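J.: The structure is given below, and queries will be raised subsequently.
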Amino acid sequence: MDEFENAMLHQVLSVPELLEEVYPDVEPQVRYVMTTPEIYSVKKVVLTGCGDGYAACLTAKRTFEKFLQIPIEVVEPLSLSRYYQMKWVGESPCDPLVIAFSNSGRVTRVVEAVKRMRLHKAMTIAVTSNPDSPLAKTAEKVIIPSIPKFENAPGIRSYAVLQMVVYLLAVRMGEVRLKYTMEQANMYRRELKCLPKEFLNNADRICALALEAAKQFKEAGSAEMIGCGADYGTAWYAHEKMYEAVGLPAVYSDSENWFHVNYFARDIKQILTMVFASKEDEAHSRTCELIERLNQMGRDFILITDDESLQAKYRFLMPASDTCLFQPVAAYMVPALIAGYLTVLREETYSRGFEGIWKEEKGMYSTTVSETVLMD
Amino acid sequence: MLERIQFQTTKDGVIPLTDQIKECVEKSGVKSGILCAFITHTTAALTVNSFWDPLGHEDIQDEIRRLIPTRVDFKHQHDTPEDAAGHVKCTLIGPSMSFIIDDGKLLLGHSQGIYFLEFDGPRNRECYVKIVPE
């Protein structure tokens, strides 16, 4: 397996230790970022971010909904900054609560969205590793996770920490709003820290299976990532890694839309299909129907699930957890591993090395170079 | 001797401990002395109340809650509003009580029972009993 060692593999394997290391720093920041009256004032939560940040928001949306039982929106920064209806923004204190994720804190669109929301008196919290970033300076409150440096690779460690922060925020708000006991809240916190470690207890076997899957799909021309509920966020993350790490066009979909759209793909041998199926998810029955259909069509696919009754050629079993809401904190490791192996097999460079046509020279537009437009 | 009584509580629970504490006295064999019941919690308390009507226990919790309502603006915000209120309740009512052992029995009035008051439940709780012979 040595010839297939890669930076993404190393990042994945380092996640359990990373989470143990950052937790004592991150948890108090989450605990104290909002006062109890502020937490009680929140009537709606808007989660936003780009790339990994957006994926983290999607995975945590269901957790916020279940724990807080108030409207939760995941809104792309472009929508938030240019299209979002502001009529009801800022009508009452902390309403809505906007939580924006950007590890670098320099993504123009996220800063623009937070600026607009803050101007309209929404409560804004930024989650960024850079305390001097434009995002940190724009938001009213900031959570600054300190992520130790590591071998460079498309976001895995930073994603793990962003994801932990967003879930911890949901747990904290639910705890303060007395939706469950403190003991239950602390159990949730322990699970968030421990699930990745539990998943990687069989790291050798998991890596071997991931490599085997990557070898089968080495020549894939595209990828499709399927998930529902919290798994939809993991599907989004997975599709993003295929682009970023492998340069492979990918789509993400839920189980229902797969039947309407992806179902009709022609060259099925050229498609890397990954299905995320949490047993307790409300749409699990539809995902099971999708899996049965895939098997009937003779399609090989990669399955990430905690449901032992489901079968697939490449099946990654997730550790049992108290709630399916937390499956994403370990499930993303599978697409990260496979993407890492694919880059080796295809002799690809992460982010195309930012060379050639991907080279960002002065004056070129990018995620951090873009005109800021403040809408009313 | 030191004994530990473990039990589970419900939200706003009033848990009777009289029988378990009496068992500690019997087990000790002490004929005359002092018994101290002590809880190692900061959001619960011990009290003595009449055991005849369980609704009377609910009155106690209702009145405590009326005197110290759970509110969102406690200065202590590390945990939850219920926890913050629980600390105040515990301080005012107290985590320990002392009793007299006489003739090998716990000295209690004909209506008296010993109760654990839960202010931040449900939880797993414990009560320690220390018997000091005369």
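The values are calculated or read from the model by the stated rules, or taken from the named source; none is laboratory data. All values derive from a computational prediction rather than experimental measurement. Neighbour counts are summed over all protein chains in view; Cβ atoms, including those assigned to glycine, are modelled from backbone coordinates with ideal geometry. What goes into the accessible areas is simple: the full protein's heavy atoms, side chains included, and nothing from ligands, DNA or RNA. Shrake-Rupley method; radii C 1.70, N 1.55, O 1.52, S 1.80 Å.
J.: For a Förster distance of 25 Å, can you work out the FRET efficiency between the beta-carbons of B:K11 and A:S285, rounded to the nearest 0.05? Let's see the in-between values first.
T.: Working: r = 34 Å, r/R0 = 1.38.
That pair, B:K11 with A:S285, gives E of 0.15.
J.: Exactly which GluC sites (Glu not before Pro) in segment A:276-313 are in a DSSP loop and have at most 11 other Cβ atoms within 10 Å?
T.: Values: sites: A:E280, A:E282, A:E289, A:E292, A:E308; in loops: A:E280, A:E282, A:E308.
Qualifying residues, ordered by number: A:E282, A:E308.
J.: Need one word for segment A:9-94: rounded, prolate or oblate. Basis is the Cα gyration tensor (sqrt eigenvalues a ≥ b ≥ c); a/c below 1.5 gives rounded, then a/b vs b/c decides.
T.: oblate
J.: In what sequence, highest mean first, do A:72-82, B:104-114, A:39-49 appear when ranked by Cβ atoms within 10 angstrom?
T.: Details: A:72-82: 19.5, B:104-114: 14.2, A:39-49: 21.9.
Per-residue Cβ counts within 10 Å, averaged per peptide and sorted highest first, yield A:39-49, A:72-82, B:104-114.
J.: Near B:K27, which aspartates and glutamates are there with a Cα under 19 Å away, not counting those fewer than 8 places off in the same chain?
T.: Output for B:K27: B:E3, B:D19, B:D102, B:D103, B:E126, B:E134.
J.: Of all accessible surface on the protein assembly as shown at a 1.4 Å probe, what whole percent is carbon and sulfur?
T.: Carbon with sulfur: 51 percent of the solvent-accessible area.
J.: A further question follows. Taking a threshold of 21 Å on the Cα-Cα distance, which of the pairs A:K149/A:K218; A:K215/A:K241; A:K193/A:K241 fall above it? Kindly include the intermediate steps, with their values, before the conclusion.
T.: On the way: A:K149/A:K218 30 Å; A:K215/A:K241 17 Å; A:K193/A:K241 23 Å.
Distance filter (> 21 Å) returns A:K149/A:K218; A:K193/A:K241.
J.: Another one. So who's got an amide H within less than 5 Å of the one on A:A223, skipping anything under 5 residues away but keeping other chains? H placed 1.01 Å off N, in plane.
T.: A:A250, A:V251, A:L272
J.: Please tell me the relative contact order of chain B in percent, rounded to the nearest whole number, where contacts are Cα pairs under 8 Å and at least six residues apart.
T.: Relative CO of chain B lands at 55 percent.
J.: How are the alpha carbon pair distances in chain A distributed across 20 Å bins from zero to the largest one, expressed in percent?
T.: Calculated P(r), rounded to whole percents: 30, 59, 12.
J.: Contour minus end-to-end for A:E17 and A:E292, with contour as 0.36 nm per residue of separation and end-to-end as the Cα-Cα distance?
T.: 95.3 nm
J.: Moving to a separate point now. Counting only heavy atoms of the protein chains, get the accessible area per residue of segment B:2-133 (1.4 Å probe) and round it to a whole Å² value.
T.: I get 52 Å² per residue for segment B:2-133.
J.: In units of 2.2 N^0.38 Å, what is the alpha-carbon radius of gyration of segment A:97-144? Can you show the working numbers first?
T.: Working: Rg = 8.9 Å, N = 48, 2.2 N^0.38 = 9.6 Å.
Computed over Cα atoms of segment A:97-144, the ratio equals 0.93.
J.: log₁₀ I(q)/I(0) of segment A:120-277 at q = 0.09, 0.15 Å⁻¹, via Debye over equal Cα point scatterers, no solvent, to two decimals?
T.: -0.43, -1.07
J.: In Å² (nearest 100), what accessible area is buried between B and A, both sides summed, heavy protein atoms only, 1.4 Å probe? Spell out each step's value before the answer.
T.: Numbers: alone 7750 and 16260 Å², together 22840 Å².
Adding both sides of the contact gives about 1200 Å².
J.: State whether segment A:2-198 is rounded, prolate or oblate according to the following rule on the C-alpha gyration tensor (a ≥ b ≥ c being the square roots of its eigenvalues): a/c under 1.5 gives rounded; otherwise a/b larger than b/c gives prolate, and the remaining case gives oblate.
T.: Working: a/c = 2.02, a/b = 1.31, b/c = 1.54.
Verdict is oblate for segment A:2-198.
J.: Just to confirm the filter: which trypsin sites (Lys or Arg not before Pro) across segment B:1-70 are DSSP coil and have at most 14 other Cβ within 10 angstrom of their Cβ?
T.: Hits after loop and neighbour filter: B:K11, B:K31.
J.: Just the projected area, averaged over all directions, of the convex hull on the alpha carbon atoms of segment A:244-351: how many nm²?
T.: In nm², the orientation-averaged hull projection of segment A:244-351 is 7.2.
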